[in-house]
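Starting off with a structure, shown below.
The values are calculated or read from the model by the stated rules, or taken from the named source; none is laboratory data. Computed from a predicted structure; not experimentally measured. Every residue, glycine among them, receives a Cβ derived from its backbone with ideal geometry; neighbour counts consider all protein chains shown.
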């Protein structure tokens, strides 16, 4: 009976943590959602003025936090995508139920599945952002080269976006769509940078704003920006190489207790089961798991130097 209460308490704590995280993320995404709705309304109005048919009813949107994460991960909303996201849930529930019964189902659905989905989306967002940032210097060089023939910034941006590849091309297409709705190029770029949380793109929007408002040699500024981006990327690669030992140590020290625990369960299962059946031993196991999680977070926080 005590184990059932502990499982229910764990599920409640997981739901409370998820609700707090969703509430904090909601304040961040509410402004982006309003901007997107206003943009869609402007596009629909322009289509009606052009004599086109009325836009079809749009599919209901997912929760704000899911919508924000899938945008930053570069995914296109579709039923197939949501089906793939939901596929691990019944698998974890069935596996947990076969091994641990009702407790395994609750842990698989309310703990392992949200945690695994959050880790995967975080990895995907980081990978998508790295791909976009890696393409920005070439895009800025193309933009500066087109500006050298005397065209406007908007036309140069449109022509340069046709030369870039995915995933940057999808982002520039969103910026161009917003300019067609009446936004300036720097405002549209700022909104897209805020949606995808790409600081480099936001910095480029600030440069466009200063160039439009105060004038100056935009080509020279863009060339210096492209050079600075390449130097920053080269510095990050060197830092990544120098901190490889720290990251390897973090992985080894994090995996060592887990491997030792699994080997102990395999060679002498009665040892840990005896601790689990004893109230004080169960408290020690919970404390060991908590310390392991805290230690892993601290180790990977020390090894994560992306913001330098």
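Have a look at 128, 110 and point out the one that is at pLDDT 90 or above, surrounded by 14 or more Cβ atoms within 10 Å (Cβ to Cβ) and in a helix (DSSP H, G or I).
128
Does any residue of region 248-263 turn out to be closer than 25 Å to residue 129 by Cβ and touching a residue at least 12 places away in the same chain (Cβ under 8 Å)? Break it down stepwise before answering.
Step one: filter region 248-263 for residues closer than 25 Å to residue 129 by Cβ, giving 248, 250-251, 254.
Within this subset, residues satisfying the condition of being touching a residue at least 12 places away in the same chain (Cβ under 8 Å) are 250, 254.
Scanning region 248-263 turns up at least one residue that is closer than 25 Å to residue 129 by Cβ and touching a residue at least 12 places away in the same chain (Cβ under 8 Å).
I would also like to ask the following. If a residue has to be at pLDDT 75 or above and surrounded by fewer than 17 Cβ atoms within 10 Å (Cβ to Cβ) to count, how many in region 203-218 make the cut? Break it down stepwise before answering.
Step one: filter region 203-218 for residues at pLDDT 75 or above, giving 203-210.
Those still in the list that are surrounded by fewer than 17 Cβ atoms within 10 Å (Cβ to Cβ) too: 203, 206, 209-210.
Matching residues across region 203-218 total 4.
Which of the residues that make up region 240-269 are part of a helix (DSSP H, G or I) and surrounded by 13 or more Cβ atoms within 10 Å (Cβ to Cβ)? Walk me through it before giving the result.
Of region 240-269, the ones part of a helix (DSSP H, G or I) are 240-242, 244-267, 269.
Within region 240-269, 246, 247, 249, 250, 251, 254, 257, 261, 265 qualify.
What do you reckon, is residue 296 more than 22 Å from residue 126 (Cα to Cα) and either surrounded by 13 or more Cβ atoms within 10 Å (Cβ to Cβ) or within 23 Å of the chain's Cα centre (by Cα) (or both)? Outline the logic, then answer.
Values: more than 22 Å from residue 126 (Cα to Cα): no; either surrounded by 13 or more Cβ atoms within 10 Å (Cβ to Cβ) or within 23 Å of the chain's Cα centre (by Cα) (or both): yes.
No, not satisfied.
Let me ask something else about it. If you check residue 142 against the conditions, is it surrounded by 18 or more Cβ atoms within 10 Å (Cβ to Cβ) and in the same structural domain as residue 221 (by TED's automatic domain parsing)?
Numbers: surrounded by 18 or more Cβ atoms within 10 Å (Cβ to Cβ): yes; in the same structural domain as residue 221 (by TED's automatic domain parsing): yes.
In short, yes.
Do you know which residues across region 131-171 are within 20 Å of residue 232 (Cβ to Cβ) and not in a helix (DSSP H, G or I)? Reasoning before the result, please.
Start the filter on region 131-171 by keeping residues that are within 20 Å of residue 232 (Cβ to Cβ), which leaves 131-144, 164, 167-168, 171.
If the condition is that a residue be within 20 Å of residue 232 (Cβ to Cβ) and not in a helix (DSSP H, G or I), then 164, 167 are the ones that fit.
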